[in-house]
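Below is one structure, written out as structure tokens, with a few remarks after it.
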Amino acid sequence: MANSRSIEALKGTWDHVADANMDEFMKEMGIGMAMRVMAKGIKPRIIISENNGKWTLRSENTPKKMLIEFIPDVEFDETTPDGREVKTIIRFKNGAWEHTTHDKSGKEWTATRYVNDEGQQQI
């Protein structure tokens, strides 16, 4: 198994366990109350893979499937689960994945993924 301090440790299949502070994070992203309430009941399975430097993140077990394909450090267009068109860049820093997004109004937010010492993916 990859060292938990390595970006390689993020590869694989991850089942949702808990979502501390997720409502606050979604509110910060500008997601409305109805969508936040609906999201609380979703327990996604996330699959992260990489092939020749191109990374893929996809979700299963959700009403709306999500697929993100990217090359680290290269900005790309993304559609958020609530339908907004945004610009995104994903960087790998110190064994973590920093997913920074900004919308047309200039609002920016960052989610960081990493694997903790217990082998659990944290966001």
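The values are calculated or read from the model by the stated rules, or taken from the named source; none is laboratory data. Just so it is clear, the model here is predicted, and its values are computed rather than measured. Note: ideal-geometry Cβ built from the backbone for every residue, glycine included; neighbour counts use all protein chains shown.
Details
- Enumeration of residues in the range 52-65 that are over 20 Å from Glu108 (Cβ atoms), surrounded by 15 or more Cβ atoms within 10 Å (Cβ to Cβ) and not small (Gly, Ala, Ser): Trp55, Arg58, Thr62
Let's see how each residue does on (1) in contact (Cβ under 8 Å) with a residue 60 or more places away in the chain; (2) of a type outside the set (A, V, I, L, M); (3) outside any strand (DSSP E or B):
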residue	(1), (2), (3)
Ala39	no, no, yes
Lys43	no, yes, yes
Lys64	no, yes, yes
Asp73	no, yes, yes
Asp77	no, yes, no
Ile90	no, no, no
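- Verdict on Ser49 being modelled with pLDDT of 80 or more, surrounded by fewer than 16 Cβ atoms within 10 Å (Cβ to Cβ) and hydroxyl-bearing (Ser, Thr, Tyr): yes
- Hey, Arg58 modelled with pLDDT of 75 or more, of a type outside the set (A, V, I, L, M) and in contact with a Lys or Arg (Cβ under 8 Å, 6 or more places away or on another chain) or not: yes
- Residue that is farthest from Asn52 (Cα to Cα) [pool: residues in the range 73-96 that are at pLDDT 90 or above and touching a Lys or Arg at 6+ places or on another chain (Cβ under 6 Å)]: Glu75
- Candidates Ser59, Ser105 - the one that is touching a Pro at 6+ places or on another chain (Cβ under 6 Å) and without any contact (Cβ under 8 Å) to a residue 24 or more places away in the chain: Ser59
- Test: residue in the range 66-73 that is farther than 22 Å from Ala9 by Cα and out of contact with any His (no Cβ under 8 Å at 6 or more places or on another chain): no
- Condition met for Arg36 (in contact with a Ser or Thr (Cβ under 7 Å, 6 or more places away or on another chain) and either at pLDDT 75 or above or within 21 Å of Phe76 (Cα to Cα) (or both)): no
- Scope the range 70-89; condition out of contact with any Asp or Glu (no Cβ under 7 Å at 6 or more places or on another chain) and either aliphatic (A, V, I, L, M) or over 18 Å from Tyr114 (Cα atoms) (or both); matching residues: Ile71, Val74, Glu75, Phe76, Glu78, Thr80, Pro81, Asp82, Gly83
- Verdict on Asp117 being surrounded by fewer than 11 Cβ atoms within 10 Å (Cβ to Cβ) and on the phi < 0 side of the Ramachandran plot: yes
- Residue in the range 93-105 that is surrounded by fewer than 14 Cβ atoms within 10 Å (Cβ to Cβ) and either in contact with a helix residue (DSSP H, G or I) (Cβ under 8 Å, 6 or more places away or on another chain) or within 15 Å of Leu10 (Cβ to Cβ) (or both) present: yes
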